[in-house]
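Below is one structure, written out as structure tokens; comments come after it.
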Amino acid sequence: MNDVFAVSAAPHIKQKISISSVMWQVVLALTPALLVGIFFFGIQSLLLTLYAVVAAVSTEALIQRFRKVPITVSDGSAVVTGILVAFNLNTSSPWWLPVVGAVFAIAIGKQIFGGLGFNIFNPALLGRAFLVASWPTLTTAGWKPTNPMSSIFQSSINGLSNLPSNVPAVITSATPLGVVKALRDTTQISRDMANTVMDNLASMNTLNELFLGNIGGVLGEVSAAALLIGAAFLAWKHIIEWRIPVSYIGTVFILIYVFGGINGIFSASILLPVFHILSGGLILGAFFMATDMVTSPVTKKGRLIFGMGCGILTVVIRLIGGYPEGVSYSILLMNITVPLIDRYTTPKAFGEVKR
Amino acid sequence: MGLKTFSGGIHPHDNKVYSKDKKIEILPIPQKIVIPLSQHIGSPSKPIVQVGDEVLAGQKIADAGGFVSIPMHSSISGKVTKLAKFNHPTGITVQGIEITGDGEDKWVELSDDTNYMDLPANEMKDRISKAGICGMGGAGFPTHVKLSPPEGKTIDTIILNGVECEPYLTADYRIMLEQTEDIISGLKILMKVVDAKNGVVGIEANKPDAIKIFKNLLKTEKNIKVVGLHLKYPQGAEKQLIYASTKRKVPSKGGLPMDVKVVVQNVGTAIAVYEAVRYNKPLVERVITVSGKIVKDPKNIKARIGTYYSDLLEFCGGTTEEIGKVISGGPMMGFAIPSLDTPMTKGSSGLLLFNKKEAHKKQEDVCLHCGRCVDICPMNLVPSLIAHHVRNNDWDSAEKFGVMDCIKCGSCAYVCPSHIKLIQWIDIGKIKVSESRQK
């Protein structure tokens, strides 16, 4: 009886979960959206995604080799970053755009801080912000509507006479949110007319198409339904938690409903907030980017505040800022506040008495 | 059934299937036992025998080392053969008394007060204290101390802990089925000792037959209720059990159950209390679960305190595979011990054997800040943050973020995707903080 058995601190059983199982499940959850992207935009979607993934993974491996730390690319976190970078591009992008975005995301967004777990910003979003700032025309212009999309927008202006001749062109070539922005800012048509177009846009018909993805858009944001399937899977696996997406989307809903109308507060139809939620990157952002474990708060109350902050900033950018879309900047800005939020939302211990 | 619970917690596989339908078997008297002098929280007991002394089963061999301490009794008859340091189920070595049996199992004289319920409360408490009873759920707090609230504090409820939320363990489950009446008698004694009006038996939902049998027997008792509890770990943790069954919160920062007028006792302790008061019988035996995938014949065994774990395993036919890890207690809070050459104590609820694969240790990865530990912490702490402060030797911050409130249930480490040894870090923090408090 001289055996010496392994000793270690309790607990002696462990849930079957690891960083790599988490990350690969996120990859799996992003697959439906990728498939929809391939369906609508063709094989180019897959190629752009592959370029970004390969660039992200090799950048991570190279830098880790250079830093003389263990190479951890098999954990899947760089793969997730690569996919998310590609998801923010439109399919007419040149091949080097996802590559540059992914390299920047991994090198400057992640490894420079010390790698996974230490980065302040969501790497993929930082990569996107870099691309948008450097090649604004490539990343936002050239947005390619699918045909049914044009017809939806066309139908939103059917029956309206006296439209200045350039308005239909604006409407059919801009992103849905771009149209909304243009309608809010335009002085070329009357408020009433803008309002009618807006109402037509935010109709059940359009919302359906937005939900299914039968519209133009960047690669990964195209179908809210496909993204939600993935998000539901992650929620079921307890990899994302309800607080951030719900408070984010809920805040956007309320604020758009109150302030989103063209004729002052409470002038929006109840469908307008839904339109805002389904278009642009909000679904992708709220479920897959704001919930990034490393760059979101750990406390429960903190996650609610973080989601609300993202929602407020998104609405502010969309309604009064210079961009039609505000998801990525709002999440990046809120990333900065995470340590502060965590610090001031430490929960009271069970049984702690108020002091 | 209206199950009750607390917030937070985890759902590990309960693995009770190995032993839950095995009736309690009595282990033949072992040849040699060791009675460690620290089987409880408090000062060690003081030996009153010397090598060569003849002792009977049930004979006192060590005095309590103070008020927060208990006396020890020999669990077999034989001769004292060694006073030395022996392995202890918590993985350390502790002073103990070795007794070599004479194979006859001669006992000290026991009495039988059939009217034991008429005894005055003081006399009851005295018998409990003399019987050397400490909590048998694992922590081992001396029972008579729990039953002695300081001046000005009153107890209105005794809660019996029949939750047994640790995976694998089924000893409490078996005694609840096989010794139900003894447990109820013990509960009534405990209620009388502290003059508590209410009694509660808390049982987890995975033991419906135990809930049923208690409900049947307590049908006519208006002031004792059986509370069914959600299947969730750590439902049996004292503060969580009190909250689930009474909605009272034990104050943090060192609060005790008696601060909310409650005393919690394990169901096994209730049997020991009953036997002590009625028969003047000291605590010299208990039921322990021997289990694990690799155990040939997992069992619930009634064995004498001080029995070597090796004897228990032998009684179960040994293992089918090479042993990778030996755990004293449950898999969530139990201790991994280096050797089976270790005696069981009054708090030994289980002996688990894992194979090499189950014992495999994973490397710690970096914290992802995923917050899973925060989501499930039953004490509403931020375990990752506490561990972070301990790692940075920042004891003040660790204390500020509640390291002392941690009940070490292990749920955080269970769910951590980065395999961070949160409990180990928190344990270091607890030690460092109490050291700095003493200064």
Discussion item. Restricting to region A:41-57, name every residue that is more than 20 Å from the chain's Cα centre (by Cα), surrounded by fewer than 17 Cβ atoms within 10 Å (Cβ to Cβ) and part of a helix (DSSP H, G or I).
Written reply: A:ILE43, A:GLN44, A:LEU47, A:VAL54
Fill in: Residue satisfying condition, being in contact with a strand residue (DSSP E or B) (Cβ under 6 Å, 6 or more places away or on another chain), of a type in the set (D, E, K, R) and either within 27 Å of B:LYS23 (Cβ to Cβ) or assigned to a loop (DSSP other than H, G, I, E, B) (or both), within set B:LYS215, B:LYS153, B:LYS188, B:LYS219
B:LYS215
Worksheet item: Do the conditions hold for A:GLY322, that is, is it free of Cβ contacts under 8 Å to residues at least 24 places away in the same chain and within 14 Å of chain B (Cβ to nearest Cβ)?
Response: no
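Quick grid of which residues meet (1) touching a His at 6+ places or on another chain (Cβ under 9 Å); (2) outside any loop (DSSP other than H, G, I, E, B); (3) modelled with pLDDT of 95 or more; (4) within 13 Å of chain A (Cβ to nearest Cβ):
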| position | (1), (2), (3), (4) |
| --- | --- |
| B:THR289 | no, yes, yes, no |
| B:SER310 | no, yes, yes, yes |
| B:GLY317 | no, no, yes, no |
| B:MET332 | yes, no, yes, yes |
Item to complete: Mind telling me which of the residues B:GLY66, B:GLY52, B:GLY42 ends up being small (Gly, Ala, Ser) and either part of a strand (DSSP E or B) or within 27 Å of B:VAL200 (Cβ to Cβ) (or both)?
Response: B:GLY42
Item to complete: Might you check whether a residue that is over 19 Å from the mean Cα position of the chain (by Cα) and under 30 Å from B:ILE327 (Cβ atoms) occurs anywhere in region B:161-168?
Response: no
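Let's see how each residue does on (1) free of Cβ contacts under 8 Å to residues at least 24 places away in the same chain; (2) in the same structural domain as B:LYS239 (by TED's automatic domain parsing); (3) surrounded by fewer than 23 Cβ atoms within 10 Å (Cβ to Cβ); (4) in contact with a Pro (Cβ under 6 Å, 6 or more places away or on another chain):
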| position | (1), (2), (3), (4) |
| --- | --- |
| B:ASP394 | yes, no, yes, no |
| B:LYS400 | yes, no, yes, no |
| B:CYS409 | no, no, no, yes |
| B:CYS416 | no, no, no, no |
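Residue-wise test of (1) assigned to a helix (DSSP H, G or I); (2) buried (at least 24 other Cβ atoms within 10 Å of the Cβ); (3) not basic (Lys, Arg).
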site	(1), (2), (3)
A:ALA268	no, no, yes
A:PRO273	yes, no, yes
A:THR291	no, yes, yes
A:SER296	no, yes, yes
A:GLY302	yes, yes, yes
A:PHE306	yes, yes, yes
A:GLY309	yes, no, yes
Response to the item:
Out of (1) touching a residue at least 24 places away in the same chain (Cβ under 8 Å); (2) within 13 Å of chain B (Cβ to nearest Cβ); (3) not β-branched (Val, Ile, Thr), the one A:HIS238 does not meet is (1)
Worksheet item: Are any residues in region A:215-238 out of contact with any Lys or Arg (no Cβ under 9 Å at 6 or more places or on another chain), over 22 Å from A:GLY178 (Cα atoms) and outside any helix (DSSP H, G or I), and if so, which ones?
Response: A:LYS237
Fill in: Residue within region B:108-121 that is in a strand (DSSP E or B) and crowded, with 17+ Cβ neighbours inside 10 Å present
no
Worksheet entry | Top-ranked residue of region A:9-24 - restricted to ones that are among the hydroxyl-bearing types (Ser, Thr, Tyr) and assigned to a helix (DSSP H, G or I), ranked as nearest to the other protein chains (Cβ to nearest Cβ) | A:SER21
Worksheet item: Right, A:MET308: closer than 30 Å to B:PRO378 by Cα and away from chain B (no Cβ under 14 Å) or not?
Response: yes
Worksheet item: Which condition number does B:PHE401 fail, the rest of (1) under 22 Å from the mean Cα position of the chain (by Cα); (2) within 8 Å of chain A (Cβ to nearest Cβ) being met?
Response: (1)
Worksheet item: Restricting the search to region A:85-115, which residues are surrounded by fewer than 24 Cβ atoms within 10 Å (Cβ to Cβ), within 14 Å of another protein chain (Cβ to nearest Cβ) and not in a helix (DSSP H, G or I)?
Response: A:GLY114, A:GLY115
Item to complete: Test A:GLU325 against the stated conditions and say whether it is outside the structural domain of A:ASN195 (by TED's automatic domain parsing), farther than 17 Å from B:CYS373 by Cα and modelled with pLDDT under 90.
Response: no
Discussion item. Let me confirm something: among B:GLU238, B:GLU204, B:GLU275, which residue is out of contact with any helix residue (DSSP H, G or I) (no Cβ under 8 Å at 6 or more places or on another chain), of a type outside the set (Ser, Thr, Tyr) and touching a residue at least 12 places away in the same chain (Cβ under 8 Å)?
Written reply: B:GLU204
Response to the item:
Counting only residues that are touching a residue at least 60 places away in the same chain (Cβ under 8 Å) and surrounded by fewer than 22 Cβ atoms within 10 Å (Cβ to Cβ), region B:44-86 contains a total of 5
Practice prompt. Would you check which residues across region B:337-385 are more than 7 Å from chain A (Cβ to nearest Cβ), polar (S, T, N, Q) and crowded, with 19+ Cβ neighbours inside 10 Å and list them?
Written response: B:THR342, B:THR345, B:SER348, B:SER349
Practice prompt. Restricting attention to region B:217-236, report how many residues are under 18 Å from B:GLY330 (Cβ atoms) and buried (at least 18 other Cβ atoms within 10 Å of the Cβ).
Written response: 6
Discussion item. Are there helices (runs of 4 or more DSSP H) fully within region B:359-439 with at least 2 residues that are more than 21 Å from B:PHE335 (Cβ to Cβ) and among the hydroxyl-bearing types (Ser, Thr, Tyr)? List them.
Written reply: none
Worksheet entry | Cβ pairs under 6 Å, 6+ apart, first in region A:286-299 and within 15 Å of A:VAL246 (Cα to Cα) and within 14 Å of chain B (Cβ to nearest Cβ), second in a loop (DSSP other than H, G, I, E, B) and of a type in the set (A, V, I, L, M) | A:THR291/A:ILE240
Item to complete: Consider B:ASP341 carefully, then state whether it is within 20 Å of A:ALA6 (Cβ to Cβ) and in contact (Cβ under 8 Å) with a residue 60 or more places away in the chain.
Response: yes
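The values are calculated or read from the model by the stated rules, or taken from the named source; none is laboratory data. Being a predicted model, the structure only gives us computed values, none of them experimental. FYI the Cβ positions are ideal-geometry reconstructions off the backbone, even for glycines, and counts take in every protein chain you see.
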